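The values are calculated or read from the model by the stated rules, or taken from the named source; none is laboratory data. Computed from a predicted model, the values in this text were never measured in an experiment. Glycine also receives a Cβ, built like all others from the backbone with ideal geometry; neighbour counts cover every protein chain displayed.
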Amino acid sequence: MTVQARPVQPQFPSGFLWGTSTAAYQVEGAAREDGRSPSIWDTFCRTPGKVHEGHTGDQACDHYHRFRDDVALMGALGLDAYRFSVSWSRVQPTGSGPADQRGLDFYRALTDELLEHGITPFLTLYHWDLPQDLESGPEGGWPARETALRFAEYAGLVAEALGDRVVNWTTLNEPWCSAFLGYGSGVHAPGRTDPVAALHAAHHLNLAHGLAAQALRATLPAEAKLMVSLNPAAVRARSEAQGDQDAARRIDALATRVFTSPMLRGVYDEDLIADTAHLTDWSCVRDSDLKDIAQPLDALGLNYYTPSLVSAPDRNGSDPVPPSRDDGHGASEHSPWPGSEHVSFHQHPGERTEMGWSIDPTGLTELLLRFHREAPGLPLYVTENGAAYDDVPDAGGMVHDPQRIAYLRRHFTAVHEALTQGADVRGYFLWSLLDNFEWAYGYSRRFGAVHVDFGTQRRTPKSSALWYARVAASGRIPDAA
Ligand code: PNW
């Protein structure tokens, strides 16, 4: 008889931060209170056919009024950090001019509450809710240069108000979604479908990031940490064939390098310029822009859910898994890939979450190691990762979500693997603390570790939340659920 040694559970470094993540429009509600003006998402939700069953963020999780309870819940779970975003529409309702004190007071109260519970605030300045006034008009929104300048001013206002209590600052969340889902495929606000506008939006988001980073440095104490959260694609080509490899290269350029090359190295890649040359000559990029964009950062945030499997356009229909109009980014007649609309997206075989996103944690390890290689010395955070499942309370009021625990366990193991291979990963933020407004899917997709009954606003920690609390307490991945 042989006695098998129990495998040693991966141990995360001491000081590794375990947190959760939310975004203003997805959780706050109180859409018309204390001077908040409409953002592009308020408008989009009221545009027929854009958001599942016409859902809006008007009430959402009512976090604006319940934040003290929500912070207490995080404290009870023993979480180290909380990543939230500031609503530009609360702080500077028209997108220019002086700040509204009431908006700033809310975020001051929220951060104070976090600090009192020993929870480190990670503040994101922009998680997609552009003030509507900045979008309105023919030249508006992110395709316009002016929006980047406005953003830097807004960043300065928030830094002045919260710089004494927030150390960790993120400029943008997933500029890919803002540019290409907002202005390309139109499945996100403001719902425009213009490939040229989408490319110009990407540049002005890069510029906004760089100018805001400068405004933050000018205002914040020296110990402040600046970062950006990207959603790079873990792209896999369907085969070694040249056409499939080229498809992967194109998607990598448009999903990831369009942001990382200017932000980290101060360049736009030649293949990206060539792939899009029939759409734009990139004359929106002025001489000093790349220098302005490539600001020194203190960390990089990576949001990861699922990889992408791509190929050259399928002509013979021989693919066992046919490409679909929905490439995993929402169904639209318009592509979010300007100049590379012909690339086919395929379903990975195997298990998927309620979003239809395949589960493959190897993409997370791969991307962490890639950033580690491409941005040597820059600390990394997983600023979002998680899964949507159809969680329903049982007769006793408990919510059991073993599938989410399985998803998280595999992704924590993937993060640990990247650490083992040398990546400097400092923390992990689960998306999300609460079930919330899942953009175009409204309230029909639940990502929370905590269940929310949107009728009563009752919060119920799911079994995954209790399991996550054990991870946070021990820095280890528990054996059993
Ligand atoms: C991210 N895509 O959104 C956001 O940062 C969160 O606000 C959101 O709730 C979460 O992930 C879950 O969806 C994404 O189509 C939305 O590739 C769409 C895509 C990626 C991320």
Check: Exactly one of (1) buried (at least 21 other Cβ atoms within 10 Å of the Cβ); (2) within 26 Å of Leu430 (Cβ to Cβ); (3) within 18 Å of the chain's Cα centre (by Cα); (4) of a type outside the set (Ser, Thr, Tyr) is unmet by Ala202. Its number?
Finding: (2)
Checklist line | From Val228, Val187, residue being touching a residue at least 12 places away in the same chain (Cβ under 8 Å), in contact with a His (Cβ under 6 Å, 6 or more places away or on another chain), surrounded by 23 or more Cβ atoms within 10 Å (Cβ to Cβ) and more than 17 Å from Ser340 (Cα to Cα) | finding: Val228
Notebook entry, point to check: If you take the residues of the range 43-60 that are in a loop (DSSP other than H, G, I, E, B) and within 20 Å of Val91 (Cβ to Cβ), which of them is farthest from the chain's Cα centre (by Cα)?
Noted result: Asp58
Check: What are the residues in the range 447-465 that are closer than 19 Å to Phe84 by Cβ and either within 11 Å of the ligand (Cβ to nearest atom) or among the β-branched types (Val, Ile, Thr) (or both), if any?
Finding: Phe447, Gly448, Val450, Val452
Notebook entry, point to check: What's the number of the condition Asp394 fails, among (1) of a type in the set (D, E, K, R); (2) in contact (Cβ under 8 Å) with a residue 12 or more places away in the chain; (3) over 24 Å from Glu174 (Cα atoms)?
Noted result: (2)
Next item on the list: Output the residues belonging to the range 123-158 that are outside any helix (DSSP H, G or I), under 17 Å from Val86 (Cα atoms) and touching a residue at least 60 places away in the same chain (Cβ under 8 Å).
Entry: Thr124, Leu125, Tyr126, His127, Trp128, Asp129, Leu130, Pro131
Check: Quick check: is even one residue across the range 402-420 surrounded by fewer than 19 Cβ atoms within 10 Å (Cβ to Cβ), within 16 Å of the ligand (Cβ to nearest atom) and among the hydrophobic types (A, V, I, L, M, F, W, C)?
Finding: no
Checklist line | Cβ-Cβ under 6 Å pairs, at least 6 apart or on other chains, the range 336-358 side closer than 24 Å to Arg446 by Cβ, far side among the basic types (Lys, Arg) and within 15 Å of the ligand (Cβ to nearest atom) | finding: Glu354/Arg445; Ser358/Arg352
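Restricting to strands (runs of 3 or more DSSP E) lying wholly in the range 407-471: which have 1 or more residues that are of a type in the set (Gly, Ala, Ser) and in contact with a Phe, Trp or Tyr (Cβ under 8 Å, 6 or more places away or on another chain)?
Working: elements: 425-431, 450-453, 458-461.
Result: 425-431.
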Notebook entry, point to check: Tally time: how many residues in the range 177-197 are of a type in the set (Gly, Ala, Ser), within 14 Å of the ligand (Cβ to nearest atom) and within 18 Å of Ala148 (Cα to Cα)?
Noted result: 4
Margin query: Checking Ala202 against (1) aliphatic (A, V, I, L, M); (2) more than 16 Å from the ligand (Cβ to nearest atom); (3) under 30 Å from Leu309 (Cβ atoms), only one condition comes out false. Which one?
Written below: (2)
Next item on the list: Looking for whichever is touching a strand residue (DSSP E or B) at 6+ places or on another chain (Cβ under 8 Å), at pLDDT 95 or above, over 23 Å from Tyr305 (Cα atoms) and basic (Lys, Arg) here; the options are Arg217, Arg236, Arg192. Which one fits?
Entry: Arg217
Next item on the list: For the range 366-383, enumerate the residues that are touching a residue at least 60 places away in the same chain (Cβ under 8 Å), assigned to a helix (DSSP H, G or I) and more than 16 Å from the ligand (Cβ to nearest atom).
Entry: Glu366, Leu368, Arg370, Phe371, Glu374
Check: From Gly328, Gly386, which residue is assigned to a loop (DSSP other than H, G, I, E, B), in contact (Cβ under 8 Å) with a residue 60 or more places away in the chain and within 22 Å of Tyr441 (Cβ to Cβ)?
Finding: Gly386
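Quick grid of which residues meet (1) surrounded by fewer than 13 Cβ atoms within 10 Å (Cβ to Cβ); (2) closer than 20 Å to Trp431 by Cα; (3) basic (Lys, Arg):
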{"position": "Gly19", "(1), (2), (3)": "no, yes, no"}
{"position": "Ser37", "(1), (2), (3)": "no, no, no"}
{"position": "Phe44", "(1), (2), (3)": "no, no, no"}
{"position": "His52", "(1), (2), (3)": "no, no, no"}
{"position": "Gln59", "(1), (2), (3)": "no, yes, no"}
{"position": "Phe67", "(1), (2), (3)": "no, yes, no"}
{"position": "Ala76", "(1), (2), (3)": "yes, yes, no"}
{"position": "Phe84", "(1), (2), (3)": "no, yes, no"}
Check: Assuming Arg83 fulfils every condition listed in (1) part of a helix (DSSP H, G or I); (2) touching a Leu at 6+ places or on another chain (Cβ under 9 Å) apart from one, which condition is it?
Finding: (1)
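The rows are residues; the columns are (1) farther than 23 Å from Trp439 by Cβ; (2) part of a loop (DSSP other than H, G, I, E, B); (3) in contact with a Pro (Cβ under 7 Å, 6 or more places away or on another chain).
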residue: Glu160; (1), (2), (3): yes, no, no
residue: Cys177; (1), (2), (3): no, no, no
residue: Arg192; (1), (2), (3): no, yes, no
residue: His203; (1), (2), (3): yes, no, no
Check: Which of the residues that make up the range 250-291 are away from the ligand (no atom under 16 Å from the Cβ), touching a residue at least 60 places away in the same chain (Cβ under 8 Å) and under 24 Å from Phe122 (Cβ atoms)?
Finding: Thr260, Leu264
Checklist line | Contacts under 7 angstrom Cβ, first residue in the range 68-85 being basic (Lys, Arg), partner crowded, with 23+ Cβ neighbours inside 10 Å and modelled with pLDDT of 95 or more, 6 or more apart | finding: Arg83/Gly19; Arg83/Ser21; Arg83/Phe122; Arg83/Thr124; Arg83/Thr383; Arg83/Phe429
Next item on the list: Of the conditions (1) crowded, with 21+ Cβ neighbours inside 10 Å; (2) under 19 Å from Ser39 (Cα atoms), Val166 clears all except one; give me its number.
Entry: (2)
